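Sharing a structure with you now.
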Amino acid sequence: MSDVQYWAAGGGSGGGRPRRTGWRRLVPSWRVVTGTVLAVLVLLLGGFFLGYALVSIPDPNAAAVAQSNVYYYADGKTELARDGAVNRQNVSLSEVAETAQHAVLSAEDRNFYHESAVSPKAMLRAAWNTATGKGRQSGSTITQQYVKNYYLNQNQTASRKVKEFFIAIKLDRNESKDQILEGYLNTSYFGRNAYGIQAASQAYFDKNAAQLTTAEGAYIATLLNAPSEYDLAAHPENAPAAKARWNYVLDGMVKEGWLTASERNATQFPVIGKPKPVASKAGQRGYIIEAVNQYLDENHIVDSDSLRLGGYRIVTSIQKPKEDAFVTAAQNDIYAKLGNTAADKYVRAGGASIDPATGDVVALYGGIDYTKQYVSSATNGTYPPGSTFKPVVLAAALQHHSQTQDGEDITPSTVYDGENKRPVVGSDGPVGYAPENEDNRTFGRINVTEAMDQSVNAVYAQMAQDVGTQKVIDTAHELGMPDDVKIPTTPAMALGSFGASPLDMAQVYATLANHGKQVPYTLVLKVTKDGNDLTLPKREPKQTVPRDTADTVTSVLRSVVEGPKGTARVAQDSDWPSAAKTGTAENDIAAWFAGYTPKLASVVAVLGMNPDTGKQEKLYHALHQDRINGGGPPGQVWADYTAAALRGVPVQDFDLDVSKDLPPTSAASDEPTTDTPTTSQPPTSRPPASTQPPTSSPPTTEPTTPTGPTSEPPTTEPTGEPTQTFDPLGGLTGAATGGPGGGGGGPGGG
């Protein structure tokens, strides 16, 4: 009998089909596969119909009316401000300009009118992009967003997403597309506490939604992506991102046939109106609320959508007595002294104060009044900090045991050539950058400490080259400078030729004050919602810079306060041992004073800003002075604030572990010289000519270095390239130059 006959006759084990052997036993049969697929489909369909039947369209919930957030001072009891009252005025779709409707569709859901209420494809794409690290993205259609805004909440939970899915499908069957779009436009948040497109039109352009131009409608649509960040009156530094999004909206309108190419090319970015005063944000409240909210969002404590819904109890790190002291000092030393010149109208003051031991921001001063000046000068990161960056260059030199071009160790005693416009020299010769000293002064041979005292640009630009600019940048980050501060990789970095905020610089100086141990700053001590505490970031102190490095820099900065030629001698008015540095930006668009005591690190800046355009302006002749230097009004604010903030605290001296002693005071360098060599040879480190012992007591006579120039400032525009400015509506204009090496530091850069 053959094998075939055998199996046909029922041979083998029990008859029927043969058993599968080997690897075939691991592969399911087509019957199993088919049965499994059918079972899954039945379950999915059953789940869909069950969910559709069980989830009904609810009544509009409280999410449609935001609650207030309550902010407290650091004591957790004294109320600082309330924020979150709703500004909303519903309008019909016919009362919204058609181009504005199309702009919103272009920004959020271009397939709205010819696709279903949910888009599984978009949801899967968003989930994939989020999972693969391309950033959190939304796959929601306009219908789903409307459901979230009006019927549900912003919580990122699976149950909320499931409800949103089924409610959106039902809503799409029960209401027309126009009704859904109308509801979406009336419930969306656009920033400036404006809920709905009508409130947004009034808030940004002082007109009704029906009157919006194409450009204005596209900007309103842009705000949906980042309402607070793209409000350029408050955040001029975000102009490039906002304009990119605005262009994306307009390009989408052309692609969808809602705008012709010629109309699109003729459309110009609109002029954005100033925010209208909000009583609850008067004084410093608005600046603090904005800074705290940004901190909560950036540190993933509470996102901006949830904050807008309100209901949070937020204990800030701001201490009311210190905040009041900052306000009083700024009012007395700056705003009470304003004159009637054009420059006086440009004066803006800002500052931040940090407890070095804890990282708590104990005071934040954004300007005279949030309802009058909306851009916070405490967090505005578009102005160059000038020579307040020089201590970072010195810290990098000490940390990395750097040497001059001729192989001498860089210490507080190292001698450099302080000749005005001396070319910076690298290993292959001049690098193409020759910075001017302040007021074009020449100092001849001068040691590192004296060069810090008198803020000699030529010395510290050369030092940055000697150390290596990337090493300086690394040290800046280790001291706490945020990564998003773009420090140039040229010797011009020593002159602070980049944008940074007073809060950024306060973090750096707080780390120096804390002996090189960085504690990331915080603006928030506690956040609760519905009685539950939210998790705050861990901020463990970390020794990011060696203690002897930080303490040696502190000893040099004490000389800037106590030395007879130091530019920061005004800090002595605080009656506390102090270490400090002054800074003046090129063309006098900003003046800075940064310093610390053992208990407090604070930075004060006076900035020049055009109130109408946001352009950075020169401060010549403001405050009844020829020029505004860091040792002038900013320094006086610092001293008066520090004295008041620490009143009642026992005076404590610095506890320094200094590896490199300060040099003896050099009498020969008291006055600038004119007979210095004109060669561009590398600096040498020969000892100073004098060995006069240093003194820690204040001089008995006033310093001979004036806080302003001895002659009138230029009455014509300075020669060379214009100062870098930031136009909130047009982005970066001009270019800061200090020579071919790039970046700032002309007269006034000390």
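Give LYS526/LYS618; LYS207/LYS337; LYS281/LYS615 a once-over and call out the pairs whose C-alpha atoms are over 32 Å from each other.
Beyond 32 Å between Cα atoms: LYS526/LYS618; LYS207/LYS337.
Tell me, Kirkwood radius of the stretch 278-389 from alpha-carbon pair distances, in Å?
Averaging 1/r across every pair of different Cα atoms and inverting gives 15.5 Å.
Here is a further query. Based on the mean of other beta carbon atoms within 10 Å per residue, what is the order of 407-417, 576-586, 327-337, most packed first?
By packing density, highest mean first, the sequence is 576-586, 407-417, 327-337.
Also, I was wondering about something else. If each residue of separation counts as 0.36 nm, what is the full-extension length gain between GLN179 and HIS114 once their alpha-carbon separation is subtracted?
Gain in length upon complete extension: 21.9 nm.
Another question about this same structure. Can you figure out the FRET efficiency of GLU540 with THR613, using R₀ = 35 Å and their beta-carbon distance, to the nearest 0.05?
After rounding to 0.05, the efficiency reads 0.20.
So which trypsin sites (Lys or Arg not before Pro) in the stretch 345-448 pass both tests, a DSSP loop state and at most 16 other Cβ atoms within 10 Å of the Cβ?
Sparse-neighbourhood loop trypsin sites (Lys or Arg not before Pro): LYS372, LYS421.
Cα-Cα over 28 Å: which of LYS274/LYS390; LYS486/LYS542; LYS274/LYS345?
From LYS274/LYS390; LYS486/LYS542; LYS274/LYS345, over 28 Å: LYS274/LYS390.
May I pose another question? Could you work out how much longer the chain between ASN532 and THR34 gets when fully extended? Use 0.36 nm per residue separation minus the Cα distance between them, nm to one decimal.
174.3 nm
Starting from 0.36 nm per residue, how many nanometres of slack lie between ASP206 and THR78 once their C-alpha separation is accounted for?
Separation in residues times 0.36 nm, less the Cα-Cα distance, equals 42.5 nm.
Give the cross-link partners of LYS276 among the aspartates and glutamates, using a straight C-alpha distance below 16 Å as the criterion and excluding same-chain residues fewer than 8 apart.
ASP83, ASP206, ASP231, GLU290, ASP369, ASP612
Compute the signed sum of charges (Lys and Arg +1, Asp and Glu -1) over the other residues within less than 12 Å, Cβ to Cβ, of ASP573.
For residues surrounding ASP573, the net value is -2.
Per residue, how much accessible surface does the stretch 302-419 expose to a 1.4 Å probe? Answer in Å², no decimals.
Normalised by residue count, the accessible surface of the stretch 302-419 is 29 Å².
The values are calculated or read from the model by the stated rules, or taken from the named source; none is laboratory data. A quick note: this is a predicted structure, and the numbers were derived from the prediction, not measured. Because the Cβ atoms are built from the backbone with ideal geometry, glycine has one as well, and the counts that use them run over all protein chains shown. Ligands, DNA and RNA are stripped out before the accessible areas are found, and what is left, the full protein with its side chains, is counted by its heavy atoms. Shrake-Rupley method; radii C 1.70, N 1.55, O 1.52, S 1.80 Å.
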